[in-house]
Amino acid sequence: MSEPEISAAAVGLGAARTLPIAWLVPAFGGPGVPAPIRVGLGLGLAVLCLPRLAGQVPDAGPVLWLALLVREAAVGLTLGFVASLIFRAAEGAGRLTDVFRGANLAEVISPVSGGRTSPLGELTALLAIVIFLELGGLGHLALALGRSYDAVPVAAVATPAQLGRVVSLAVAASAQMLEAAVGLAAPALVALLLADLVLGLVGRAAPQLPLYFVGMPAKALLGVGAALVGIAALDAALVAGFRGWTALLGRAVEAWR
């Protein structure tokens with residue numbers, strides 16, 4: 001192949017790994033960004049990785065190329081899934097708070113995830129994106145992506161050991177995401193549980209009071225107040241969790257070695 005053909009093939013091969021990352025990580029815009037723009041972002045990441053890809057383009061037939069694209073897409077899906085979990089944890093914390101304060105029926109369509117979420121879930125997801133961008137997360141992600149081609153070169157075959165490590169990583173990362181969501185929502189959840197306890201004691205002492213009609217708006221306001229007071233703590237927790245996110249991304253790369 002000529003030099004332009006090798007470069008074009010390298011970008012196409014790199015896009016199989018970078019497109020899932022641009023598609024799954026909410027910091028790139030999520031479903032709120034038109035699909036052509038997200039495809040362009042994925043191709044831009046592939047172009048940035050071109051120096052690492054130039055020597056890894058094989059002169060192969062269609063069947064081998066298909067195998068290469070499938071494996072690269074699997075690597076990209078793994079990296080994108082792991083990289084998106086910090087945002088899902090933040091959104092889950094807000095959504096869990098809304099469930100406990102009785103506002104889970106007030107669901108909205110999230111421009112970040114494209115699915116239904118709650119008001120506080122959307123707020124915490126956007127806060128996680130802002131913190132991620134403030135910490136230079138996109139630069140770290142692009143650097144990790146470029147280095148992944150050194151650690152996990154382009155290949156056509158995925159071994160059973162690699163697939164086993166990827167499945168184990170996905171399960172462990174999902175468990176960490178759930179743990180982080182509960183931990184981030186813990187202050188508001190404790191306040192709401194204490195409010196339920198107080199309302200229950202008041203109801204026992206004065207059964208004639210219409211606590212249902214008084215308690216629901218009170219809990220809703222308490223949940224919002226606790227969430228707003230806890231935003232500073234949430235900010236600090238997400239900043240501290242950024243190192244853990246980087247380590248988890250490194251484990252995703254190691255799983256394919």
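Since every read-out is calculated from the coordinates, none of them should be taken as a lab result. Here the structure is a predicted model, which is why all the values come from computation and not from measurement. Note that we place each Cβ from the backbone using ideal geometry, even for glycine, and neighbour counts take in every protein chain shown.
The charge dipole of the chain, taken about the Cα centre with unit charges on the Cβ atoms of Lys, Arg (+1) and Asp, Glu (-1), comes to about 420 debye, rounded to the nearest 20.
Between the listed residues Ala46, Ala252, Ala226, the Cα displaced farthest toward the positive end of the dipole of the chain, a dipole computed from Cβ unit charges relative to the Cα centre, is found at Ala226. Backbone geometry of the stretch 177-190 corresponds, through the Karplus equation with coefficients 6.51, -1.76 and 1.60 at θ = phi - 60°, to 3J(HN,Hα) couplings of 5, 5, 4, 5, 4, 5, x, 5, 8, 4, x, 5, 5, 5 Hz, x marking Gly and Pro.
For the stretch 61-72, the Karplus equation 6.51 cos²θ - 1.76 cosθ + 1.60, evaluated at θ = phi - 60°, returns couplings of x, x, 5, 5, 5, 5, 5, 4, 5, 5, 5, 5 Hz by residue, with Gly and Pro reported as x.
Here's the picture: a label point sits 7 Å out from the Cα of Ala8 along the beta-carbon direction, and within the stretch 42-74 nothing has its amide nitrogen under 11 Å of it.
Placing unit charges on the Cβ atoms of the charged side chains and taking the dipole of the chain about its Cα centre, the candidate lying farthest along the positive direction among Gly80, Pro62, Ala35 is Gly80. Taking all Cα pairs closer than 8 Å and separated by 6 or more residues, the relative contact order of the chain comes to 25 percent. By the helix-only formula, in which each DSSP H run with n ≥ 4 contributes -39500 (n - 2.57) and the sum is divided by residues, the chain has a 222 nm mean residue ellipticity of -27000 deg cm²/dmol. Once the Cα atoms are used to define both axes, helix 211-229 deviates from the longest principal axis of the chain by about 50 degrees. Between rounded, prolate and oblate, where does the stretch 3-255 land on the alpha carbon gyration tensor, with a ≥ b ≥ c its root eigenvalues, rounded for a/c under 1.5, else prolate if a/b exceeds b/c? Verdict is prolate for the stretch 3-255. Peptides 122-128, 7-13, ordered by how many other C-beta atoms sit within 10 Å of their residues on average, highest first, read 122-128, 7-13. Between helix 137-151 and the chain there is an angle of about 40 degrees, using the helix long axis and the longest principal axis of the Cα atoms.
From most to least packed by mean Cβ count within 10 Å, the peptides 135-144, 67-76 give 67-76, 135-144. Under the classification rounded if a/c is under 1.5, otherwise prolate if a/b is larger than b/c and oblate if not, where does the stretch 127-180 fall, given a ≥ b ≥ c as square roots of the Cα gyration tensor eigenvalues? Cα axes put the stretch 127-180 in the oblate bin.
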